[in-house]
Amino acid sequence: MTQTIGLTLKIWRQKLPDAKGSFETYDAADISVDMSFLEMLDVVNERLTLDGRDPIAFDHDCREGICGACGSVVNGRPHGHVAATTLCQLHMRHFKDGQTIVIEPWRSKAFPVIKDLVVDRSPLDKIIQAGGYISVTTGGAQEANTIPVPIEQNKKAMDAATCIGCGACVAACPNSSAMLFIGASVSHLALLPQGKPEAARRVLSMVRQMDELGFGNCSNETECQAECPKEISITNIACLNREFIRAGLFSTEE
């Protein structure tokens, strides 16, 4: 028999970007502990719809922890309290019967609220766009050993490439810094030969774009690393700083 729990939800509701928002309270009874957090919100929305009320707006897509579309602050923690877990992979068995759960959108000047739990994360897309491209030779697949890459360097690059761009690092940072996000992007290309030709231009453009979009600077709080669902290391921020200084001092890029 499936175990169920009852919850009290305090959810941020905001009809429009420039409207005043507030928390509203909902009772969520008979929630299966086998549900994901998003499935629990689906059930709440079904009940609101049947009652003729406006369902809660929230982002979601793959629901497999891959796309980075979902994300809300749950009891003060981006993606909730379970480490290395996206909101779509967070299951209700991690909550207790009778518990109160506070659900908010990402809080950052760079991520304005669109509606309820949905925020505009397009600034992260603009930063990636500013990073541009890498030089690749099109045509047939190249023989794997033509460009040797040390295994440790390869592992670090692949670890950095697991960033899904969900924005939890920005939401967790007291400065709303996007430096872990940019650090992951810069690192995974800077560590591989294919990313070298445009490395200087890439890092200068991405940091400039980050500043223009209103993200804050890193002050080594490390909340970004603690809340990242893909466990991206802050050593990637150190790599970002090295690449930025090297580009500023030794390249002709502006």
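The values are calculated or read from the model by the stated rules, or taken from the named source; none is laboratory data. This structure is a prediction, so every number in the text was calculated from the model and none was measured. When we count neighbours, we look across all protein chains shown, and the Cβ atoms used for this are built from the backbone with ideal geometry, even at glycine. Ligands, DNA and RNA are excluded from the accessible area calculation, which covers all protein heavy atoms including side chains. Shrake-Rupley method; radii C 1.70, N 1.55, O 1.52, S 1.80 Å.
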Within region 105-151, how many residues turn out to be within 24 Å of SER22 (Cα to Cα), among the hydrophobic types (A, V, I, L, M, F, W, C) and at pLDDT 95 or above?
7
Scanning region 142-190 residue by residue, the ones that are closer than 23 Å to ARG246 by Cα, in contact with a Gly (Cβ under 6 Å, 6 or more places away or on another chain) and aliphatic (A, V, I, L, M) total 1
Would you point out which residue out of VAL33, VAL43 is β-branched (Val, Ile, Thr) and in contact with a helix residue (DSSP H, G or I) (Cβ under 7 Å, 6 or more places away or on another chain)?
VAL33
Return the total of residues in region 112-136 being of a type in the set (Gly, Ala, Ser), more than 17 Å from ILE164 (Cβ to Cβ) and loosely packed, with under 14 Cβ neighbours inside 10 Å.
2
What do you reckon, is ALA172 more than 30 Å from HIS60 (Cβ to Cβ), touching a helix residue (DSSP H, G or I) at 6+ places or on another chain (Cβ under 6 Å) and not polar (S, T, N, Q)?
no
Residues (open to solvent by less than 40 Å² (accessible area, probe 1.4 Å), touching a strand residue (DSSP E or B) at 6+ places or on another chain (Cβ under 7 Å) and in contact (Cβ under 8 Å) with a residue 60 or more places away in the chain) located in region 81-99
MET92, PHE95
Just checking: which of the helices (runs of 4 or more DSSP H) contained wholly in region 188-254 hold 1 or more residues that are open to solvent by 80 Å² or more (accessible area, probe 1.4 Å)?
199-212, 235-250
Could you check region 1-39 and list, in sequence order, the residues that are part of a strand (DSSP E or B) and among the charged types (D, E, K, R)?
LYS10, ARG13, GLU24, ASP27, ASP30
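Please find, among ILE5, ILE11, the residue that is in contact (Cβ under 8 Å) with a residue 60 or more places away in the chain, surrounded by 16 or more Cβ atoms within 10 Å (Cβ to Cβ) and more than 19 Å from LYS115 (Cβ to Cβ).
ILE5
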Unmet requirement for SER219, which otherwise passes all of (1) under 17 Å from the mean Cα position of the chain (by Cα); (2) over 19 Å from CYS163 (Cβ atoms):
(1)
For ASP159, all conditions in the list (1) within 24 Å of the chain's Cα centre (by Cα); (2) crowded, with 19+ Cβ neighbours inside 10 Å; (3) free of Cβ contacts under 8 Å to residues at least 60 places away in the same chain; (4) part of a helix (DSSP H, G or I) hold save one; what is the number of the exception?
(3)
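Residue-wise test of (1) at pLDDT 95 or above; (2) in contact with a strand residue (DSSP E or B) (Cβ under 9 Å, 6 or more places away or on another chain).
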{"residue": "ALA178", "(1), (2)": "yes, yes"}
{"residue": "LEU204", "(1), (2)": "yes, no"}
{"residue": "CYS218", "(1), (2)": "yes, yes"}
{"residue": "PRO229", "(1), (2)": "yes, yes"}
{"residue": "PHE250", "(1), (2)": "no, no"}
{"residue": "GLU253", "(1), (2)": "no, no"}
